[in-house]
Amino acid sequence: MRYAKLGLFSLALSASLGVGCEGSPRLVTVPVRGNVTMGGSPVGGAVVVFWNRDAEGKPAMGVTNAQGDFGLSTYINPKETLGGALPGDYDVVITKKEQVPGTPDAQAWWQSFRDQEINVLPVEYSKPGRLEARLNDSADNEFAFNIDVGLDVALPATDK
């Protein structure tokens, strides 16, 4: 009887761990840390997205703190996010959005609809191809991105 219970327990444990099941493989991520600066100063509140170049890959995202530091997380589905990112090659995109108020003569209720967010970093960093990263499963994945202050920043169109 003892062996029968042990056998049932082993079977239940195997099923719960997915041993012998043909489901989707568990994704293994690696830790990724970094820092974003512009003109030597930290950029807080920037969104850093690593776009996986592999068609089967998943993007990873992080937001910088006041010191410009970030860590990445990989979105799997609405109920699951994994810390880190999948090993592989990535295009890196960095944006920082800020509210730009609408025209001062607009009525208060309409003002909220006219306010818009703009990227206050040079537009070149919001496009894939400017920055690249390779994540290794055995190496330290730490990156320092310095935004070139000499590039143009996209400004909102003004009403005339």
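The values are calculated or read from the model by the stated rules, or taken from the named source; none is laboratory data. Quick caveat, the model's predicted, so the values are computed rather than measured. We place every Cβ from the backbone using ideal geometry, glycine too, and count neighbours over all the protein chains shown. Quick note on the areas: whole protein, heavy atoms, side chains included, nothing else; ligands and nucleic acids left out. Shrake-Rupley method; radii C 1.70, N 1.55, O 1.52, S 1.80 Å.
Karplus-based coupling profile of the stretch 86-92, in residue order and whole Hz: 6, x, x, 9, 9, 9, 10, with θ = phi - 60° in 6.51 cos²θ - 1.76 cosθ + 1.60 and x standing for Gly or Pro.
Amide H contacts of Val30 (H built 1.01 Å from N, in plane; Pro and chain starts excluded): Ala85, Leu86 sit under 5 Å, all sequence-distant by 5 or more or on other chains. Summary of packing: across the peptides 29-36, 141-148, the per-residue average of other C-beta atoms within 10 Å ranks them, highest first, as 29-36, 141-148.
Using a simple spin-label model with pseudo-atoms 7 Å out from Cα toward Cβ, Ser138 and Ser126 lie 4.1 nm apart.
Solvent-accessible surface of protein heavy atoms, probed at 1.4 angstrom with all chains present, puts Leu27, Leu82, Leu121 in the order Leu27, Leu82, Leu121, largest first.
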